Amino acid sequence: MISVTDLKSGVVFEENGQYLLVLSYEHIKVARGSGTIKVKVRNLQTGANVEKSFPTGGRVQDVSVDRKKVQYLYSDNQVHVMDMQTYEQFALDLKLVADISKFLQEGMEITLFSVEDKPLYVEIAKIVDYKVEQTGGSARGNTVGSSFKDAVMENGLVVKVPLFIKNGEVVRVDTRSGSYVERAR
């Protein structure tokens, strides 16, 4: 058991048989009352984000989570990855990567969260570089406001990019929102 005041971002705990990953932590103290701990958590089984409140003296069940770097290889009816330390290849269920599957590209390094050798959650980098495979041209003088065009990345992802981006350039994409960030240097 760990105190709720130790629930910082990245900590995993168990509640009602569900594994919860802490995304954000806030301690609220009211004038004469006792403090309250508010945490935003992600349920690792369902992927749902929920806000929870605990009294300051509360305790929760801690969980030892294995974080392992794996390399994405390919997908068919499963997701095939390789352990970066042992070079062992294994398959994961497609449901684990359902929300991030459009950002995956061959050779990408991802983090696999597991409890007792049971995979629970997959995480990728927040910013990823992609090569632009196809994008439309831009009409000269069409820059009154901030203008964007569709660009198809090397893995098939379609992202809105500024008009000055050309085929073959490498751009950075935010995997949380799927939006263009900047040109890669």
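Overview of results
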| quantity | calculated |
| --- | --- |
| Residues (surrounded by fewer than 19 Cβ atoms within 10 Å (Cβ to Cβ) and either at pLDDT 90 or above or not in a strand (DSSP E or B) (or both)) located in region 118-131 | ILE124, ALA125, LYS126, ILE127, ASP129, LYS131 |
| Cβ-Cβ under 9 Å pairs, at least 6 apart or on other chains, region 140-158 side modelled with pLDDT of 80 or more, far side loosely packed, with under 13 Cβ neighbours inside 10 Å and acidic (Asp, Glu) | ASN155/GLU106; VAL158/ASP150 |
| Among (1) modelled with pLDDT of 90 or more; (2) loosely packed, with under 12 Cβ neighbours inside 10 Å - the single one ILE110 does not satisfy | (2) |
| Single residue of region 170-180 satisfying the filter (more than 17 Å from SER147 (Cβ to Cβ) and free of Cβ contacts under 8 Å to residues at least 60 places away in the same chain) that is nearest to the chain's Cα centre (by Cα) | ARG176 |
| Members of region 91-101 found to be out of contact with any Ser or Thr (no Cβ under 9 Å at 6 or more places or on another chain) and surrounded by 15 or more Cβ atoms within 10 Å (Cβ to Cβ), listed by number | LEU92, LEU96 |
| So GLN61, is it loosely packed, with under 13 Cβ neighbours inside 10 Å and either assigned to a strand (DSSP E or B) or under 18 Å from the mean Cα position of the chain (by Cα) (or both) | yes |
| Meets criteria (at pLDDT below 90, within 19 Å of the chain's Cα centre (by Cα) and small (Gly, Ala, Ser)) for ALA48 | yes |
| Unmet requirement for ILE165, which otherwise passes all of (1) part of a strand (DSSP E or B); (2) over 26 Å from LEU20 (Cβ atoms); (3) in contact with a Phe, Trp or Tyr (Cβ under 9 Å, 6 or more places away or on another chain) | (1) |
| Residue check, LEU7 within 11 Å of VAL60 (Cβ to Cβ), without any contact (Cβ under 8 Å) to a residue 40 or more places away in the chain and of a type outside the set (Phe, Trp, Tyr) | no |
| Hits in region 23-54 (condition: loosely packed, with under 15 Cβ neighbours inside 10 Å, assigned to a strand (DSSP E or B) and either assigned by TED's automatic domain parsing to the domain that holds SER114 or touching a residue at least 40 places away in the same chain (Cβ under 8 Å) (or both)) | none |
| Matching residues in region 51-72 - criterion: being aliphatic (A, V, I, L, M) and either touching a Gly at 6+ places or on another chain (Cβ under 6 Å) or farther than 14 Å from ASN16 by Cα (or both) | VAL65, VAL70 |
| Considering residues of region 159-178 that are over 30 Å from VAL11 (Cβ atoms) and of a type in the set (Val, Ile, Thr) only, the residue modelled with the lowest pLDDT | ILE165 |
| Region 10-38, residues that are among the β-branched types (Val, Ile, Thr) and either under 12 Å from ASP62 (Cα atoms) or in contact with a strand residue (DSSP E or B) (Cβ under 7 Å, 6 or more places away or on another chain) (or both) | VAL11, VAL12, VAL22, ILE28, THR36, ILE37 |
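Table: residues versus (1) within 20 Å of ARG42 (Cα to Cα); (2) not charged (D, E, K, R).
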| position | (1), (2) |
| --- | --- |
| ALA98 | yes, yes |
| LEU112 | yes, yes |
| LYS126 | yes, no |
| GLN134 | no, yes |
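The values are calculated or read from the model by the stated rules, or taken from the named source; none is laboratory data. Fair warning: this is a prediction, and the values are worked out from it, not measured in the lab. Here the Cβ is made from the backbone with ideal geometry for all residues, glycine too, and neighbour counts use every protein chain on show.
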